[in-house]
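The values are calculated or read from the model by the stated rules, or taken from the named source; none is laboratory data. Computed from a predicted model, the values in this text were never measured in an experiment. Methodologically, a virtual Cβ is constructed for each residue, glycine included, from the backbone with ideal geometry; neighbour enumeration extends over all protein chains shown.
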Amino acid sequence: MNHEKRAQQHWLILAIACLAYAFPTPSKSSDLLELSVEDLLNVEIISVSKKAKSLNDSPAAVYVITQDDIKRIGATSIPEALRIAPGINVARIDANKWAVSARGFNSRFANKLLVLIDGRNTYTRSFSGVYWENQDVMLEDVERIEVIRGPGATLWGANAVNGVINIITKHSADTQGGLLVAGGGTEEQGFGAFRYGGELNSNTTARAYIKGFVRDKNTSTSANEAEDDWNKVQGGFRLDSQPTTHDTITAQGDIYQSIIQQRLTPPTFIPPTYQQTINEEIDATGGNLLVRHNHIFSSTSDYSLQVFYDYYKRDEDFITESRHTLDIDFQHRFALLDWNDLIWGAGYRYSYDDWQLASVFQLDSPSRNDQLFSAFIQDEITLIDESLWLTLGSKFEHNDYSGFEAQPTARIMWAPHHQHRLWVAASRAVRTPSRINNGVKITAAVFPTGPDSVTAITVNGSNQFESEEVISYEFGYRTTFIDNLSIDFTAFYNDYSHLKSNESLTGIPNEIATVFANNNSAQTYGFEVATVWQMLDWWRWDANYSLFKMEFDGQDAAAETGISPQQSVSFRSAISPTKDIDLDLLFRYVGTYRDPDINDYVSLDIRLAWQPIKSLELSLAGQNLLAEHHLEYTNTSFPTPIEIDRGMYGKLVWHF
């Protein structure tokens, strides 16, 4: 059955790709070099204060990835686009999995980074993180990606511990007409997309899309094929309506199905090796539906009500998991006095899961429903007009695992001159327990202890597991003291307590057992620098550097909480020597991880694009060009290390 589904998906993806060659269409010329350095700092964002605010006036470590950035670096997925943001650690595990985190603690199941897509929280209660292979959008429809490093829990809640990533797609009025995309290459074997937008009436616009891809397998560290190929088909829509001058309504949704290949080496009770190598096929399906209503009372007052439903199912050899999530969120902004801007809100989330487990995985119950109640308030106070601002706020939550949590923040920004901004912040944030933390039992290894006996090493969840906590201190400085150069500097110190640890359990026959506890702590510190230099009208440089240090208190704390490189560097050159040619180079250095098996590496991506006519763009991209393949990370559960291959692909984009 799975092979039949995969064959059907291959045919659908091929059909999408063929459509792109069958119709003539247009492509907008590059906007990247048309923006001045000042324009880039004045890009409006919403992730820091839940209202439109320029990046330059935001008292937080913010980096914005625009649509043109995504296109010009040749990204084919959201994690690839995130590689250019300072302080964000993106490691590709194989063709279909990523480890993504902010300021440390990276792993396949990283749980201290909150990810939003148009306000929809992609967090799963299963492990308090994100299945990146489940989250996808049509990249051509992304308006921008707001990357916030540091706690964002006051507005967004638990698990926004080290950062928030907010993926914002374009209003449907900005995607009118048709778009066809097609391409293929060595690793990105084939991909295609079709989107069409239209005007339903004078107040309503809409668009719909379908996309698909086939990705090739990589190379294992033993120089064999890794059996990690992947294909996916996804479709969706967005509708925007303005029934009155004060009201707007947005409805959008997506549905997907993918076939994911992976190789695991789990333990088994069968001699003589007590270990097996499995090539398995994961059938992953899901979808979501979101409705949002905004009402404007005046220039200083408005409210928003948002409801979304999300569903996914993953059918694997050892685990079949399905999850339903319903989320309701309300927020209201108003100016209480002339010198302050207050925003408050409340939310409710319901989640229901169902599990079928076998062999090495067990849970205390096959299904569970969880509820989350939340409220927040934040006030931005103007102490000195156009010069000094104070932001105070807190999030209050109650969840079924750890009970009540408060997550306050205080931020102050000073503008001594229109070309300089300085800010400091202190925040508390928590990572609440997950379903796995609470009631899982994992058999990690099996070995013989006698002629007729074996012993298993097991890891066990606990209903006594508490929230992990961080107290964070940040300092930032932005300047454009030279008209064509901007510098954004952030330093941070984070003090973590109650981090996950593994403690010994005794008295269990034929088991060496550990249980999840909260006996680890850590301190992290470092800084991040992001610079933009508009060297010439047709040549721009972006350079980012991140330094990250971590000190653990506790036995084997790094293995329990994730690992991250100490240094990372990226240099990006965007050149448009003529109006119809773009040449882009992205050089990255990623330092050695705490794990000695993951060495530092360098990577070079190059993209060349040509617009023979305004309506058509042809491009050729090379990825990971400096090595035939390299290791970026290893899977967290029963890993088989996989190296990421060098790749090249061609792409055609037409609008009509």
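Scanning the range 214-227 for residues that are more than 21 Å from the chain's Cα centre (by Cα) and of a type outside the set (V, I, T) yields D216, K217, N218, S220, S222, A223, N224, E225, A226, E227. As a summary of the residue check, A425 satisfies the conditions (1) among the aliphatic types (A, V, I, L, M); (2) closer than 20 Å to F638 by Cα; (3) in contact with a Lys or Arg (Cβ under 7 Å, 6 or more places away or on another chain) except for the one numbered (2). Kindly evaluate I167 against the criterion of being modelled with pLDDT under 95 and among the aliphatic types (A, V, I, L, M). When the stated conditions are applied, I167 does not pass them. With respect to S427, determine if the residue is of a type in the set (S, T, Y), part of a strand (DSSP E or B) and surrounded by 15 or more Cβ atoms within 10 Å (Cβ to Cβ). Spelling it out, S427 is indeed of a type in the set (S, T, Y), part of a strand (DSSP E or B) and surrounded by 15 or more Cβ atoms within 10 Å (Cβ to Cβ).
Scan the range 271-312 for residues that are touching a strand residue (DSSP E or B) at 6+ places or on another chain (Cβ under 6 Å) and over 30 Å from S222 (Cβ atoms) and the total you get is 24.
Of the strands (runs of 3 or more DSSP E) lying entirely inside the range 134-210, the ones with 1 or more residues being closer than 17 Å to I65 by Cα, out of contact with any Gly (no Cβ under 8 Å at 6 or more places or on another chain) and in contact (Cβ under 8 Å) with a residue 60 or more places away in the chain are found at 142-149, 163-169.
Only one of I270, I282 is under 30 Å from F447 (Cβ atoms) and without any contact (Cβ under 8 Å) to a residue 24 or more places away in the chain. Can you tell me which?
I270
Selection of first residues in the range 432-449 that are touching a residue at least 60 places away in the same chain (Cβ under 8 Å) and closer than 23 Å to V130 by Cα and of second residues that are of a type outside the set (S, T, N, Q) and part of a helix (DSSP H, G or I), restricted to Cβ pairs under 9 Å at least 6 apart or on distinct chains, gives the following pairs, ordered by first then second residue: I442/I436.
When the range 609-648 is filtered for residues that are under 19 Å from D68 (Cβ atoms) and surrounded by fewer than 21 Cβ atoms within 10 Å (Cβ to Cβ), the ones remaining, listed by number, are W610, K614, S615, L616, L618, L620. Identification of strands (runs of 3 or more DSSP E) wholly contained in the range 307-417 with 3 or more residues that are over 26 Å from F127 (Cβ atoms) yields 319-334, 340-357, 367-384, 388-399, 403-417. Residues in the range 159-176 that are surrounded by fewer than 24 Cβ atoms within 10 Å (Cβ to Cβ) and touching a Ser or Thr at 6+ places or on another chain (Cβ under 8 Å) were compared, and the one that is nearest to A61 (Cα to Cα) is N166.
Listed here are the residues, each with its yes/no results for (1) out of contact with any helix residue (DSSP H, G or I) (no Cβ under 9 Å at 6 or more places or on another chain); (2) of a type in the set (A, V, I, L, M, F, W, C).
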| residue | (1), (2) |
| --- | --- |
| N438 | yes, no |
| I442 | no, yes |
| D452 | yes, no |
| E466 | yes, no |
| E474 | yes, no |
| T480 | no, no |
| D483 | no, no |
| D488 | no, no |
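Summed over the range 246-272, the residues that are buried (at least 18 other Cβ atoms within 10 Å of the Cβ) and closer than 30 Å to T449 by Cα give a count of 4.
Total residues in the range 549-569 satisfying the condition of being modelled with pLDDT of 95 or more and surrounded by 21 or more Cβ atoms within 10 Å (Cβ to Cβ): the figure is 1.
Condition check ((1) over 30 Å from L264 (Cβ atoms); (2) β-branched (V, I, T); (3) crowded, with 17+ Cβ neighbours inside 10 Å) across all residues:
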position	(1), (2), (3)
A335	yes, no, no
R349	yes, no, yes
D353	no, no, yes
R368	no, no, yes
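On inspection, F105 does not qualify as surrounded by fewer than 24 Cβ atoms within 10 Å (Cβ to Cβ) and among the aromatic types (F, W, Y). Applying a threshold of 8 Å to beta carbon distances and a minimum spacing of six or more residues, or different chains, the list of pairs starting in the range 91-110 at a residue that is among the acidic types (D, E) and ending at one that is crowded, with 24+ Cβ neighbours inside 10 Å reads D94/A226; D94/D228; D94/Q262; D94/I642; D94/I644. At least 3 residues being in contact with a helix residue (DSSP H, G or I) (Cβ under 9 Å, 6 or more places away or on another chain), within 30 Å of Q176 (Cβ to Cβ) and at pLDDT 65 or above is the threshold, and among the helices (runs of 4 or more DSSP H) wholly inside the range 1-112 those reaching it are 67-72, 78-82. The requirement of being basic (K, R), under 30 Å from Q242 (Cα atoms), under 23 Å from the mean Cα position of the chain (by Cα) and surrounded by 20 or more Cβ atoms within 10 Å (Cβ to Cβ) is satisfied by K211.
Elements of the type strands (runs of 3 or more DSSP E) sitting completely within the range 437-547 and holding at least 2 residues that are over 27 Å from Q276 (Cα atoms) and either within 23 Å of the chain's Cα centre (by Cα) or small (G, A, S) (or both): these cover 468-482, 485-505, 511-536.
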